[in-house]
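Since the structure comes first, as structure tokens, the remarks are kept for the end.
The values are calculated or read from the model by the stated rules, or taken from the named source; none is laboratory data. Please read all numbers here as calculations on a predicted model, not as lab measurements. Methodologically, a virtual Cβ is constructed for each residue, glycine included, from the backbone with ideal geometry; neighbour enumeration extends over all protein chains shown.
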Amino acid sequence: MQQASYKTTTLIFLPNDNFTLIKSSKMTKTPFSPSSRQIITTNLLIILLLSVTGIFFRPTSGSSINPEVNALLDFKSHFEDPFNYLDSWTNTDSPCQFFGIRCDNRSGRVIEISINYKSLTGKISPAISTLQSLKTLVIPSNFISGELPATLVNCINLKILNVSSNNMTGKVPDLSKLTNLEILDLSDNYFTGKLPSWVGSLTRLTSLGLGDNDFDPGSIPENIGNLKNLNWLYLHGCQLTGEIPDSIFGLKQLGTLDLSSNKISGEFPVGITTMISLWKIELFENQLTGVIPPEINNLILLQEFDVSKNMLYGELPPEIGDLKNLTVFQCNTNRFTGELPVGFGDMKYLKGFSIYRNNFSGEFPENFARFAPLVEIDISENIFSGGLPRFLCDSGKLQRLLAVDNNFSGELPESYGKCKSLLRFRVNHNQLSGNVPDELWALPNVDMLDLSDNKFAGEISPAIGVSVSLTQLLLYNNGFSGSVPSEIGELTRLEKLDLSNNKFSGEIPSKIGDLKQLSYLHLEHNVFSGSIPVEIGECGKLVDLNLAGNVLTGNIPDSLGDVSSLNALNLSQNRLSGVIPDKLRRLRLSSIDLSANRLSGRVPSDLLNMGGDYAFAGNDKLCANEGSSHRVNSGLEICDDKQHRREINKSRLLMFCLIILSLLVVLGGLMYGSYKNIKARREKADTKYGFDEEKGTGNPKWKLENFHQVEFDVDELCDLDEEKLIGVGGTGKVYRVESKRSGLTVAVKQLGKGNKLQVMTAEIGILGKIRHRNILKLYACLVKGNSSFLVFEHMVNGNLYEALGRVVKNEQPELDWVQRYKIACGAAKGIAYLHHDCTPAILHRDIKSSNILLDKDFEAKIADFGVARIADDECLGSDSNCFVGTHGYIAPELAYTLKVTEKSDVYSFGVVLLELVTGKRAIEAEYGEGKDIVYWALSNLNNNENILKLLDPKLISNETNDLADDMKRVLKIALLCTTKLPNLRPSMREVVKMLTDADPCNGSSPRDNRIKFEKGLV
């Protein structure tokens, strides 16, 4: 039979909805038999069926034929990426060009995902288990939440798993099948449940980090001792209890052992001295007892050693001097006694040394730091005697020297005057004597010089003008003499000047008027003469002025009435004459004392009411108005023009009555409607905190409630000295009190009677329960009848609002960008703690720069919780009169609703960030009527040139592009926080993460490389 030829044509459907014709080569055509026809018919049906199936079941355009691409796209879909780092993750054939992805060169499979510090939010997709060849998953320092997927156990090749510094929750799944793991870091999250004991089966581990989580209290798993290859163990803040198991001491390769901030008990383990590879030991903030064993000298590689805040005792063994590689040694807040081993003097690498709050005695090692690059030393609150060590600054790197409250004697070493690197120098409360070396007065970088409570003599050198960084100069209770040099006016950053109780003489220098940042000026009990300089009136931030106990003459200058910030004025026991300036009546003084002078004329009635009867005693020619309640006791004469005064009083009384009547008409309805609610809440608060009013005529006792383990003398706290008044607010006066019993300087708020229940209930209800380094500490509260006090930690650097306005020499701002960034991070962490770590959440409701206080190291502390509420408080969800906040910081949604949420606090914090970045106030005239800093910032975002105009011009210049970039990053965060719609604003936890990503110092180094000398140093 003749054959015929034909060409086959196949129709192929492609995934993109197109099709193509594939033509085969020429084939031979033969006649079909019946059986062949049946077979061919069947094959054609199959082909047709496959073709139709291809039409209806072909891959969609949103997926890939590569399963790893699909897995990564699913991984991406579970995240929000505000900075678009994952834009390269698209539907392609290969993921190897994706950002943060690395593939195997041969197989092309994904072996690494590395996306750290990128502000990602969302959860980890279980699809990660598809990546069978994955060896490295590193996604730390983001905002990732949710649980760790249990499907990770399928990534059997995984060697590195790092999800640290995120917001992950839930129990940690069992990953014991990942036997190839070498690095496991789950630290700094919110994982719960028991500390995973299955980690003991991962015998290839070299690094294990489980610290800073919310695990249940429990002991350290014994089987961690199986991890013989481990060189990094981080279990900080895991609520660990009990003793350290002996199995841990078998980890001979371990370099870092961090079990700090737990409740580990028992004696300091001798077994730790057999771990000869250790270079870092962190056991601070535990409950360890016993002594440091002499075998500690076996750890010849040891560089950092911190056992602070335990209950260790005894003498440090002499063998500790054999640790020649030590760089950081900290054992503060224990019960150590005896002398320091002389071997400390031979150490060549020591940088940080902190042993304060112990009972060390004897003389300090003579050669201490002679050969070492010492940076910080705090030996305060011990019983050291003899002279101060001479060689502390031989390396020229010393920044902080604190030797407060010891028995050191003799003169200051001349070598200290050559220590130009010093930032803080405090040797107060010792027995030091002699003259201060001239060069010590001229330290250009020192910000605090405290020589108080010693026996120093001599004069202040004119070289003091070189110390332009000084913010505090404290020389009180010494024997200094001579005149105060006019160069004191060069210290334009000076905020606190206390020269009291010395023998200074001559005139008060008029250059004091150049100290625009000065808030505290105490010159009392010296021999100053002449008149009070009128230039003091130019110190526009002066709060406390005390010139008592000198021989000053002349009139009280009118210019004092121009210092609107002045709160306490004491000019007593001088020889001042003339009349009391009428301008003093403008001041909102809470304390005034002009007694024992030679003043004459009329005492203004409001000053008399303010100061009391003895504030003007001892001035024979002063007189008071008839009818004054203070006149009789002080012996003041009655002034003339009685009838005139009566008429004025009648006019004032009439005006007062009209004002009261108007207020009653306007507020009467509101008062009636809220009366029962307020009464019920007050009764509830009284019952809750035990502050029921005492009844009867008996003598009630003080009720003291402590919120920290600090002992106070009630009489000491309540015996308030008006000379130590540091502020007056809407809720009462605040005094600085130095508690001898506790050894603390505290701030005591004396509440007015009308505010006691509301303010005390709010502040105690919140501050009494919470603990955070960026929240102002409430130590205690006291109640007795109608008297009530709150005891807070004392903040020496005031508030952020004031600090942003302070300038130094050449009109440079006091706060540079690094300081501002640090303050922003601290405040953000404090607010995030209130929102996310308190149950239920706490809303501050009045976040502003003046409610962010700054401690001695400019660490931010959130304060003023008088209007704060817990998130489920009945007030927050009602339409009652709960409108609170400060103009310029109030979120826009509060214009149409009274329901405050966490996002309202976020908006207010965003305004604070704008203040930090721009150097401007929340409300300024240049913004326009009714406009604020948010409106001003948004109106200047048209181009890059305008954006640069938003940045504080006092901080940047043409040569500081990197600084401008750092500030822009924080500006972007501020704008996110002040977004108009609340649901588009980030949470405070996200804000903290974004700020961490914007660190100008690029603080992304590993934990082991973080230097810790500053911890615990005052």
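Annotations for the structure displayed:
- Extreme residue, nearest to S467 (Cα to Cα), among residues of region 393-422 that are under 28 Å from the mean Cα position of the chain (by Cα), part of a strand (DSSP E or B) and not basic (K, R): L401
- Test set (1) more than 30 Å from L423 (Cβ to Cβ); (2) modelled with pLDDT of 85 or more - L876 fails condition number: (2)
- Residues within region 348-357 that are surrounded by fewer than 23 Cβ atoms within 10 Å (Cβ to Cβ) and closer than 15 Å to C331 by Cβ, tallied: 1
- Among the residues of region 164-193, those that are buried (at least 19 other Cβ atoms within 10 Å of the Cβ) and touching a Phe, Trp or Tyr at 6+ places or on another chain (Cβ under 8 Å) comprise N166, N167, M168, V172, L175, D185, S187, F191.
- Scanning region 440-470 for residues that are out of contact with any Leu (no Cβ under 6 Å at 6 or more places or on another chain) and hydroxyl-bearing (S, T, Y) returns S461, S469.
- Residues considered: P217, P196. Of these, the only one that is of a type outside the set (F, W, Y) and loosely packed, with under 15 Cβ neighbours inside 10 Å is P217.
- Of residues in region 374-388 being in contact with an Asp or Glu (Cβ under 7 Å, 6 or more places away or on another chain) and part of a loop (DSSP other than H, G, I, E, B), the one nearest to R357 (Cα to Cα): E381
- The listed residue being of a type in the set (V, I, T), surrounded by fewer than 23 Cβ atoms within 10 Å (Cβ to Cβ) and modelled with pLDDT of 95 or more, out of I383, I377: I383
- The listed residue being at pLDDT below 95, charged (D, E, K, R), in contact with a strand residue (DSSP E or B) (Cβ under 9 Å, 6 or more places away or on another chain) and closer than 25 Å to N406 by Cβ, out of K455, K496: K496
- Restricting region 272-293 to residues that are among the hydrophobic types (A, V, I, L, M, F, W, C) and not in a loop (DSSP other than H, G, I, E, B) leaves a set whose member that is farthest from Y356 (Cα to Cα) is I272.
- Hits in region 832-860 (condition: part of a helix (DSSP H, G or I) and out of contact with any Ser or Thr (no Cβ under 9 Å at 6 or more places or on another chain)): Y833, L834, D837, S849
- Whether a residue is out of contact with any Leu (no Cβ under 8 Å at 6 or more places or on another chain) and at pLDDT 75 or above was assessed, and K756 does not pass this test.
- For region 313-363, residues that are in a loop (DSSP other than H, G, I, E, B) and within 31 Å of the chain's Cα centre (by Cα) total 13.
- Residue selected from region 807-821 under the condition at pLDDT 85 or above and surrounded by fewer than 20 Cβ atoms within 10 Å (Cβ to Cβ), by the criterion farthest from N706 (Cα to Cα): P813
- Where a residue in region 252-271 is in a helix (DSSP H, G or I) and its partner, wherever it lies, is surrounded by 15 or more Cβ atoms within 10 Å (Cβ to Cβ), with Cβ under 7 Å and at least six apart: V270/P293; G271/F249
- Number of residues in region 87-126 that are on the phi > 0 side of the Ramachandran plot and touching a residue at least 40 places away in the same chain (Cβ under 8 Å) equals 3.
- Whenever a residue of region 918-932 is among the polar types (S, T, N, Q), its partners that are assigned to a helix (DSSP H, G or I), lying with C-beta atoms within less than 8 angstrom and at least six residues away or across chains, give the pairs T918/I933; T918/A937; T918/L950.
- The set of residues in region 117-153 that are of a type in the set (G, A, S), more than 18 Å from V69 (Cα to Cα) and in a helix (DSSP H, G or I) contains only A150.
- In region 809-819, the condition of being outside any helix (DSSP H, G or I), over 15 Å from K516 (Cα atoms) and not assigned by TED's automatic domain parsing to the domain that holds K920 is met by no residue.
- Across region 907-936, the qualifying residues are those that are assigned to a loop (DSSP other than H, G, I, E, B) and over 27 Å from the mean Cα position of the chain (by Cα), and the one among them that is nearest to K980 (Cα to Cα) is K931.
- The residues listed here are V404, V427; of these, the one that is within 16 Å of F384 (Cβ to Cβ) and touching a Lys or Arg at 6+ places or on another chain (Cβ under 6 Å) is V404.
Conditions tested, residue by residue: (1) closer than 20 Å to K263 by Cα; (2) in contact with a strand residue (DSSP E or B) (Cβ under 7 Å, 6 or more places away or on another chain); (3) not basic (K, R).
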| site | (1), (2), (3) |
| --- | --- |
| L178 | no, no, yes |
| L181 | no, yes, yes |
| L186 | no, yes, yes |
| G193 | yes, yes, yes |
| D214 | yes, yes, yes |
| E222 | yes, no, yes |
| L233 | yes, yes, yes |
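- Among the residues of region 464-483, those identified as touching a Ser or Thr at 6+ places or on another chain (Cβ under 9 Å) and part of a loop (DSSP other than H, G, I, E, B) are V468, L475, Y476, N477, N478, G479, S483.
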